[in-house]
Amino acid sequence: RKREVERIQVAQALAKEGFRVVGVPSLSAGRRSLCTVNGLHAPGVYLMPANGGFLAAFDQTAQRVWEAALPGVKVLPIRCAETQRRSGALHCAVLALPKP
């Protein structure tokens, strides 16, 4: 309940500053994280962290929400459950790569 209250307070503060806040399916819980937010957004595409397997329905729901939130942007689910279990996802993995 405390986390939910904090999420609402953060969303309200961001909205007050003019940000459009969209709730997307995600759960930040350490080794049990389902984090569709830790993806990569490039022009015309969002690479969305996904889990697959018995969590495929969660991935599909998240993909629909992202597509509605980002009109005209192709949302591509990328399976990276093992990285998410280590409290990261696509964005974290790419940041670790050296610049060519």
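The values are calculated or read from the model by the stated rules, or taken from the named source; none is laboratory data. All of these numbers come straight from a predicted model, not from anything done at the bench. Cβ atoms come from the backbone with ideal geometry, glycine included; neighbour counts cover every protein chain shown. Each accessible area value is taken on the protein alone, full model and side chains, heavy atoms only, with ligands, DNA and RNA left out. Shrake-Rupley method; radii C 1.70, N 1.55, O 1.52, S 1.80 Å.
Listed values, structure above:
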| quantity | calculated |
| --- | --- |
| Largest-first ordering by accessible area, 1.4 Å probe, given options His91, His41 | His41, His91 |
| Loop sites in segment 1-59: GluC sites (Glu not before Pro), DSSP, at most 12 other Cβ within 10 Å | Glu17 |
| Globularity ratio of the chain, using Cα Rg and 2.2 N^0.38 Å | 1.13 |
| Whole-number D in µm² s⁻¹ for segment 1-43, Kirkwood Cα-pair radius fed into Stokes-Einstein, 10 °C, 1.306 mPa s | 132 |
| Loop-exposed trypsin sites (Lys or Arg not before Pro) per DSSP, neighbour cap 14 Cβ within 10 angstrom, longest uninterrupted part of the chain | 21-85 |
